[in-house]
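Okay, so here's the structure we're looking at.
The values are calculated or read from the model by the stated rules, or taken from the named source; none is laboratory data. These numbers were taken from a predicted model, which means no experiment stands behind them. Here Cβ is always computed from backbone atoms with ideal geometry, including for glycine, and neighbour counts include all displayed protein chains. Ligands, DNA and RNA are excluded from the accessible area calculation, which covers all protein heavy atoms including side chains. Shrake-Rupley method; radii C 1.70, N 1.55, O 1.52, S 1.80 Å.
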Amino acid sequence: MNIQRLVHSILVVFCVLSCVSSKPYDGYKLYEVPISTGHEVQLLLYLQHHRPSIDIWALNKLGPKRMLVPANLQKTVEHFFKDQHINYTVKVEDFGKKYSVRQAPLMQLEDPTFLNSYPTYDEINDYLVQLATENFEWIRFRIIGWSVEGRPIRAITINPDKQRTIIVDAGIHAREWITVSTALYLIKKLIEDSDQYRILHEYKWVIVPLVNPDGYIYSMETDRYWRKNRRRLSDKCVGVDLNRNFGFRWDVGASLFSGECHPGFRGYAPFSEPESRALRTVFDNNPEAELYINLHSFGGYLIYPWSYESTPVANVGDFKQVGVAAARAMWHYSHQEYKVGSSAEILRYQASGTSIDYAYSVGIDYPFAMEIAEFGYSDFQPPTNDSLTMSAMAFVGGWKSL
């Protein structure tokens, strides 16, 4: 494989991309904790393991962590911080009030690209069907599986006759809405601006814009910060973290993700969930894939395997070359910084059963998890309009300029 040519193509990709009733949060506080050591990360993991209703945001990113804590646990958390000599500040005294303001209806435009709003599940499907119908000569649209609640999970394939392949997925974590809009924007640019991105048409593209439809709908309609799928586990616990459910080193660190109510619950067995099995079919049907991009938010990271341990992959130098080149291009395009490395290297955090580890284990050359940059807003719902456009455009533009 010509790595220089692949790097050139990858940069185009990443720069294209770097551009209701709800659960009440009345009385919740949003804490910020400055984290500087791996030991402090482990303390927060311990706290979350024993109090799973505490929602820790961006635990897998460097710097301050934010924790959303219900009223009945706030004294417990503050005592824990005091006992462990952890400094903290309260960023939002009543998250429910701030959250209700941000739940105002999003601006809806006739433009079906959704760059000014977060699309609903039905809008996503209608848009993809329209694209496939209008471009049937070089686009394939198919169902790759069904969710726990019976919703179809769809993939769109562009340039199906090409051999060199790039796989992109989004929405594996329900609350990361911007990843879905970013994937849709990538599809739009590949179809509508094919002359501008000719190098990208040397590849077959397999894009799954919404891996977790049940969770996405639940996040939009009921609980904005829901992360997992909607598997009913018990009377009290719902959901499996799909990005802990893949079948490579699934059982490493089992105790950490084994609690049913834990936000990162890995499931009862590898590939226990239909959503992760659906994505597995994409890998199995495209063993020649050179690049896999697993979209997440938020943070500003390009993460390569391994996630489950600190030992680097054999060709870690190639991963660094590809990732650093992409990060530089995205900085040039959007002035958003992306750090490059494995989870253990830059995040001081390890996770088993991830999709990028599985993809690499089955022969995909370069799997990356891309944590989309925050654009100045440390939350899972950045403001619409500019932030949606910027994150998607930075992804496309940066990778194009490599």
*When all protein chains stay in place, what accessible area (Å², nearest 10, 1.4 Å probe) is found for residue 237?*
10
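Top to bottom by accessible area (1.4 Å), largest first, where do 67, 220 land?
Working: 67 0, 220 25 Å².
Descending accessible area places them as 220, 67.
Taking the Cβ of residue 364 as the centre, find all other residues whose Cβ is under 15 Å away and add up their charges (Lys, Arg: +1; Asp, Glu: -1). Before the final figure, lay out each step's value.
On the way: positive: 164, 204, 280; negative: 169, 284, 288, 290, 318, 357, 365.
Neighbourhood net charge equals -4.
Near residue 242, within a Cβ-to-Cβ distance under 9 Å, what is the net charge of the other residues, with Lys and Arg +1 and Asp and Glu -1? It would help to have the intermediate numbers written out before the result.
Details: positive: 228, 244; negative: 241, 273, 275.
Residues near residue 242 contribute -1 overall.
Per Stokes-Einstein, at 25 °C and 0.890 mPa s, what whole-number D in µm² s⁻¹ belongs to the stretch 121-400, with the Kirkwood radius over Cα pairs as the hydrodynamic radius?
Numbers: Rh = 18.8 Å.
Result for D is 131 µm²/s.
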*What is the total of Lys pairs in the stretch 121-400 with C-alpha atoms under 21 Å apart, excluding same-chain pairs fewer than 8 positions apart?*
13
*For 32, 149, write out the residues from largest to smallest accessible area, computed with a 1.4 angstrom probe and no ligands counted.*
149, 32
*Largest first, how would 25, 46, 88, 218 line up by accessible area (1.4 Å probe)?*
46, 88, 218, 25
*Probe 1.4 Å, all protein chains in place: accessible area of residue 137 in Å², nearest 10?*
120
*If you find the alpha carbon centre of the stretch 293-342 and of the stretch 135-189, how far apart are they in angstrom?*
22
*Going by the alpha-carbon gyration tensor, a ≥ b ≥ c the square roots of its eigenvalues, is the stretch 137-260 rounded (a/c under 1.5) or, if a/c is not under 1.5, prolate (a/b greater than b/c) versus oblate?*
prolate
*Accessible-area composition of the stretch 121-400, carbon plus sulfur, in percent [1.4 Å probe]*: 48
_Tell me the accessible surface of residue 332 in square angstrom (1.4 angstrom probe, heavy atoms of protein chains only), to the nearest ten._
140
